[in-house]
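See below for the structure under consideration.
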Amino acid sequence: MGKKIILTGDRPTGRLHIGHYVGSLRRRVELQDSGEFDEIYIMIADAQALTDNADNPEKVRQNIIEVALDYLSAGIDPAKSHILIQSQVAELTELTFYYMNLVTVQRLQRNPTVKQEMQMRGFTDAEGAADNKAGTPVGFFCYPISQAADITAFQATTVPVGEDQEPMIEQTREIVRKFNATYGPALTEPEILLPDNAACLRLPGTDGKAKMSKSLGNCIYLSDSAEEVRAKVRGMYTDPGHLQVSDPGKVEGNTVFTYLDAFCRPEHFDRFGDCFHGRKVSFDFHSLDEVKVQYRAGGLGDVMVKNFLTEVLNDTLEPIRIRRKALEQDLTYVYRVLQEGTQAAREKAAATLDGVKRAMRINYFDPGVLEELIREQSKKYE
Ligand code: TRP
């Protein structure tokens, strides 16, 4: 053994945005191209998406292709990474059912991400829970267990995700330890791999709110046009105290600077330094630190910084947009990628499920097992 295996994924509830990109997608492509991993699985988690969209399966169904297009256009290479559709790997639900016995309701209730999501979705409202109009769907409540199945089915060693997924990985590690201690070693304990840059850990929305989320309408999507990106950046939250250009400005908590922290590279100053050349004032910046120093001192207006950010973002997004446009014209290819990725995933998950059932000794009809079982149990009745 000793293989290095990546498993990660996203819920298909919308197109992917730049928060997904810096939080995880960009890293996945780097890891994929590093050649350090033996197997890579990237999951479109439609079954998990259904846990809070049971009444809207069409939304999930439509977004599978959007996420697949975003993956491929961002640089996920099907020759190196298997892209799979979660619901088509039945082994995952079977594993989930056995793992459920290793987790308590109380432990799930403490999961901070689930707690927060329940709040956001109004699931905590017990009023009307009796007629199923409110309350928490059981499937949703249990999704961290299903996520443990996603991760362990592939014997993943490494799970590159955003910070909000930390409780899921911790939960998975607990399940693995409990399973292996109870039934014998059949599962691999995964490590989380977080973004190394603080700005990428949790990219705020364009309105400065803590999280980029479709329901808040504060996202920049990977598939946004250059004009859409320009308009969204123009409307972005900066420092509300920076009223006049001459006023000193704050960089901390200023979304424009957080985005620059996540996207800006030194070469951007050679190519887009013009953004800081104005009629009245002109600056020659060579690094983001120099921009920050000037902004803090005063005299540097938001418009210049926003124009620069627009160029930086569009520079990153343009190749992704071009690839997406081409792939949108070849959905047959995209679905073939998904089908082949899912097939490879099934084989891997089936092998793990076999091992799990063997460890639990619920593999009654495996070759040789039944004969042994009959021999053993016959003794009871001699
Ligand atoms: N919970 C993840 C999200 O909301 C999606 C997901 C499902 C996932 N299964 C996974 C992530 C397994 C990593 C590993 O984005």
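For the reader, a short list of remarks on this structure follows.
- Cβ separations smaller than 6 Å between residues 6+ apart or across chains give the following pairs from segment 355-381 residues that are assigned by TED's automatic domain parsing to the domain that holds Tyr98 and touching a residue at least 24 places away in the same chain (Cβ under 8 Å) to residues that are part of a loop (DSSP other than H, G, I, E, B) and surrounded by 10 or more Cβ atoms within 10 Å (Cβ to Cβ): Gly355/Ala186; Val356/Ala186; Ala359/Gly184; Ala359/Ala186.
- Members of segment 28-50 found to be within 11 Å of the ligand (Cβ to nearest atom) and not charged (D, E, K, R), listed by number: Tyr41, Ile42, Met43, Ile44, Ala45, Ala47, Gln48, Ala49
- Residues being under 22 Å from Leu194 (Cβ atoms) and under 14 Å from the mean Cα position of the chain (by Cα) are entirely absent from segment 49-57.
- In segment 2-12, residue farthest from Lys80 (Cα to Cα) [restricted to those that are in contact (Cβ under 8 Å) with a residue 12 or more places away in the chain and more than 9 Å from the ligand (Cβ to nearest atom)]: Pro12
- When the residues of segment 13-27 are filtered to those that are part of a loop (DSSP other than H, G, I, E, B) and touching a strand residue (DSSP E or B) at 6+ places or on another chain (Cβ under 9 Å), the one that is farthest from the ligand (Cβ to nearest atom) is Arg15.
- The condition of being within 30 Å of Asn197 (Cβ to Cβ), within 16 Å of the ligand (Cβ to nearest atom) and not polar (S, T, N, Q) does not hold for Val89.
Yes/no matrix, rows are residues, columns are (1) under 16 Å from Asn197 (Cα atoms); (2) surrounded by fewer than 20 Cβ atoms within 10 Å (Cβ to Cβ):
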| residue | (1), (2) |
| --- | --- |
| Leu216 | no, yes |
| Leu222 | no, no |
| Ser225 | no, yes |
| Val229 | no, no |
| Gly235 | no, yes |
| Pro240 | no, yes |
| Gln244 | no, yes |
| Phe257 | yes, no |
| Pro266 | yes, yes |
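Listed here are the residues, each with its yes/no results for (1) in a helix (DSSP H, G or I); (2) under 30 Å from Thr206 (Cα atoms); (3) over 21 Å from the mean Cα position of the chain (by Cα); (4) of a type in the set (Gly, Ala, Ser).
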{"residue": "Leu313", "(1), (2), (3), (4)": "yes, yes, no, no"}
{"residue": "Ile322", "(1), (2), (3), (4)": "yes, yes, yes, no"}
{"residue": "Thr332", "(1), (2), (3), (4)": "yes, no, yes, no"}
{"residue": "Arg336", "(1), (2), (3), (4)": "yes, no, yes, no"}
{"residue": "Thr342", "(1), (2), (3), (4)": "yes, no, no, no"}
{"residue": "Ala345", "(1), (2), (3), (4)": "yes, no, no, yes"}
{"residue": "Leu353", "(1), (2), (3), (4)": "yes, no, yes, no"}
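- Test set (1) crowded, with 22+ Cβ neighbours inside 10 Å; (2) within 18 Å of Arg323 (Cβ to Cβ); (3) out of contact with any strand residue (DSSP E or B) (no Cβ under 9 Å at 6 or more places or on another chain) - Glu30 fails condition number: (1)
- Across segment 114-130, a minimum of one residue is classified as away from the ligand (no atom under 11 Å from the Cβ), surrounded by 18 or more Cβ atoms within 10 Å (Cβ to Cβ) and either of a type in the set (A, V, I, L, M, F, W, C) or modelled with pLDDT under 95 (or both).
- Unmet criterion (only one of (1) surrounded by 15 or more Cβ atoms within 10 Å (Cβ to Cβ); (2) out of contact with any helix residue (DSSP H, G or I) (no Cβ under 8 Å at 6 or more places or on another chain)) for Leu201: (2)
- Scanning segment 280-288 finds one or more residues that are farther than 30 Å from Ala68 by Cα and either assigned to a helix (DSSP H, G or I) or assigned by TED's automatic domain parsing to the domain that holds Ile85 (or both).
- Condition met for Ala345 (surrounded by fewer than 19 Cβ atoms within 10 Å (Cβ to Cβ) and of a type in the set (Gly, Ala, Ser)): no
- Every residue from segment 145-198 that is of a type in the set (S, T, N, Q) and either buried (at least 19 other Cβ atoms within 10 Å of the Cβ) or modelled with pLDDT of 95 or more (or both): Ser146, Gln147, Thr152, Gln155, Thr157, Thr158, Gln165, Gln171, Thr172, Asn180, Thr182, Thr188
- Options Leu108, Leu69, Leu7: the member that is farther than 29 Å from Thr255 by Cβ and in a helix (DSSP H, G or I): Leu108
- Of the helices (runs of 4 or more DSSP H) lying entirely inside segment 134-216, those containing at least 3 residues that are within 19 Å of Pro112 (Cα to Cα), within 11 Å of the ligand (Cβ to nearest atom) and in the same structural domain as Thr93 (by TED's automatic domain parsing) span 143-153, 166-183.
- Among the criteria (1) closer than 13 Å to Leu313 by Cα; (2) in contact (Cβ under 8 Å) with a residue 40 or more places away in the chain, the one Pro248 does not fulfil is (1).
The values are calculated or read from the model by the stated rules, or taken from the named source; none is laboratory data. The model shown is predicted, which means the values in this text are computed figures rather than measured ones. No Cβ is skipped: glycine too gets one built from the backbone with ideal geometry, and neighbour counts run over all protein chains shown.
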